[in-house]
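Nothing in this text is a laboratory measurement; each read-out follows from the coordinates by a stated rule. Values in this document were obtained by computation on a predicted structure and should not be read as measured data. FYI the Cβ positions are ideal-geometry reconstructions off the backbone, even for glycines, and counts take in every protein chain you see.
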Amino acid sequence: MKAIFMPVAFDNSPSLSEYAHPEALVTTEWLAANLGTEGLVVLESDEDVLLYSTGHIPTARKIDWFTELNDDVLRDYLDGEQFAALLSSKGVKRTDTVVLYGDKSNWWAAYALWVFKLFGHQDVRLLNGGRDKWISEGRELTRDVDAVAPSEYPVIERQDAEIRAFRDDVLAHFGNPLIDVRSPQEYTGERTHMPDYPQEGALRGGHIPSAQSVPWAKAANDDKTFKSLADLKALYFDGAGIKEGDNVIAYCRIGERSSHTWFVLKYLLGLKNVRNYDGSWTEWGSLVGVPIVKGEEAGAAPAPKR
Amino acid sequence: MSRTDSIQELIADFGELSKNDKLNLLLEFSDNLPDLPARYADHPDLLERVEECQSPVYLFVELDDANDVHLFFTAPAEAPTTRGFASVLHEALDGRSAETVLNLNPDFPDLLGLTEAVSPLRINGMRAMIARIKRQVREKLV
């Protein structure tokens, strides 16, 4: 029997309506009013593994990118069976509306959302402004963790092709736009890693030829919400030369910061073809023989390799 | 109470816990990081920033007449993992001899088993705290 998909009512806030897919966002007001609604699951995904435990939105459950979304042997994400087991353990049903939020302008929440979309979970939304906005508005936090009844999440085969790029996809992509969302120092190649920690970086510094530098956090306001549509268009269309209808790949160091940009390009600006290259610089900067450009210039795109 | 075994005790305490309980214990440490004494709280310029940490954490090391080490940390509440690391290091090293501190195994985070629960970048932050504590101790010994 096919489960009937009945999403929780969308947030019709005027602050979201200008975006291409306002249904992918909710406001803090909406979430506060809808907590406890049947079919709504709230998940917190943070960079800091302890942050949820210091206090979280009532009813929210924790999902951790490092210990839960990655395979712990392969450099890859969970497979269908692992994802089903994880979501079942968190009591998430395939038909549930999932609202994700987190620290650092939803950086890690966007990453979790991207993984959910690899498995085609239909209704996943971000809380605009994330954890910080909720707290700055003085809204309720709790340390209570309610027991969760396990659900039966189906085993869904992961579908990488549409939103995930591998290194060969990048080599074949040349001539189409690439966005590098790392810091300017990482883009120029001045820095390949955090200071003094070469094992966290790559063997070479620089960027993928022709990639435009748009550090991910430029898409967020000071209050951690997403910038207005006009500002986003100025940033990515006017600033980085992207056009509607373009096929875009975004990357960073391991694919987390670029998930944030992927979300902006796909759901806020409405580009149909956007992929996240999660191998990112830790892979590209250590691959033998791939082209690299150092310095501030984007550099010319090599011939695509298909 | 003798503190001579605080390092080994911590390794034993963390070692027997599951991944989730390790995080709970780290949270407990995070909640209990001692506040800065007034002489540092009023003079943040005296504290050294640990640049390698993703969250702002500052530390200061004092040596007393017996060359025992006293540690002072501050990190914001929004950075509980960083606070937890600082608090664990305080528990392990505060009041110990300079020699004991300098001999702390740089793989201490691995010995606690934290690498299975906390991302590598974070663990590097804890290693950096250890390295900076040792450097300050060395500077103050001369």
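Using Cβ counts within 10 Å as a stand-in for footprinting exposure, how do B:LEU17, A:LEU69 rank, fewest first? Don't jump to the answer; show the numbers that get you there.
Working: B:LEU17 16, A:LEU69 21.
Least crowded to most crowded, the residues run B:LEU17, A:LEU69.
Would you mind checking the pairs A:LYS224/A:LYS305; A:LYS104/A:LYS305; A:LYS133/A:LYS272; A:LYS218/A:LYS294; A:LYS62/A:LYS233; A:LYS117/A:LYS294 and listing those with alpha carbons more than 31 angstrom apart?
Numbers: A:LYS224/A:LYS305 39 Å; A:LYS104/A:LYS305 36 Å; A:LYS133/A:LYS272 29 Å; A:LYS218/A:LYS294 22 Å; A:LYS62/A:LYS233 33 Å; A:LYS117/A:LYS294 33 Å.
Exceeds cut-off: A:LYS224/A:LYS305; A:LYS104/A:LYS305; A:LYS62/A:LYS233; A:LYS117/A:LYS294.
At what distance in angstrom do the alpha carbon centres of segment A:270-306 and segment A:196-256 lie from each other?
After rounding, the separation between the Cα centres reads 12 Å.
Where does the protein assembly as shown land on Rg(C-alpha)/(2.2 N^0.38 Å)? List each step's numbers first, then the result.
Values: Rg = 23.2 Å, N = 448, 2.2 N^0.38 = 22.4 Å.
Cα-based Rg divided by the globular estimate yields 1.04.
Cα axis of helix A:80-89 to longest principal axis of chain A: angle in degrees, 0 to 90, nearest 10?
Orientation of helix A:80-89: about 40 degrees from the principal axis.
Report, in degrees rounded to the nearest 10, the 0 to 90 angle that the Cα long axis of helix A:107-118 makes with the longest principal axis of chain A.
Helix A:107-118 sits at roughly 90 degrees to that axis.
How would you rank A:PHE83, A:PHE66, A:PHE263, going from fewest to most other Cβ atoms within 10 Å of each one's own Cβ?
Numbers: A:PHE83 24, A:PHE66 17, A:PHE263 27.
In increasing order of surrounding Cβ atoms, one gets A:PHE66, A:PHE83, A:PHE263.
Of all alpha-carbon pairs in segment B:34-142, indicate the percentage at a distance above 17 angstrom. Spell out each step's value before the answer.
On the way: 2987 of 5886 pairs.
Summing the P(r) of segment B:34-142 above 17 Å gives 51 percent of all pairs.
Just checking the output field for B:19-31: average partner chain Cβ neighbours within 10 Å of each residue's Cβ?
On the way: counts 2, 1, 0, 0, 7, 2, 0, 3, 7, 1, 1, 4, 3.
For this peptide, the per-residue mean of nearby foreign Cβ atoms is 2.
Would you calculate the volume per residue, in Å³, of the smallest convex hull containing every Cα atom of segment A:230-289?
Numbers: hull volume 5.2 nm³, N = 60.
Convex hull volume per residue, Cα atoms: 87 Å³.
Ranking A:THR97, A:THR28, B:THR81 by Cβ neighbours within 10 Å, fewest first, what do you get?
Details: A:THR97 25, A:THR28 21, B:THR81 30.
Taking fewest neighbouring Cβ atoms as first place, the list is A:THR28, A:THR97, B:THR81.
Run the helix sum for chain A: -39,500 (n - 2.57) per DSSP H stretch of 4+ residues, divided by residue count, reported at 222 nm to the nearest 500 deg cm²/dmol.
Numbers: 9 runs with 64 residues, N = 306.
Helix contribution divided over all residues of chain A: -5500 deg cm²/dmol.
What is the log10 of I(q)/I(0) for segment B:68-121, computed with the Debye formula using one identical point scatterer on each Cα and no solvent, at q = 0.14, 0.20 Å⁻¹?
Log10 I(q)/I(0), no solvent term: -0.42, -0.81.
Just need log10 I(q)/I(0) for segment A:160-291 at q = 0.10, 0.13, 0.18, 0.22 Å⁻¹, Debye formula, equal scatterers on the alpha-carbon atoms, no solvent, rounded to two decimals.
Taken in order of the listed q values, log10 I(q)/I(0) reads -0.29, -0.50, -0.94, -1.35.
For segment A:68-161, report the % of Cα-Cα distances exceeding 21 Å.
Details: 1688 of 4371 pairs.
Of all Cα-Cα distances in segment A:68-161, 39 percent exceed 21 Å.
Can you give me the P(r) profile for segment A:27-128? Cα pairs, bins 5 angstrom wide beginning at 0, each as a whole percent.
2, 13, 25, 27, 20, 10, 2, 1, 0
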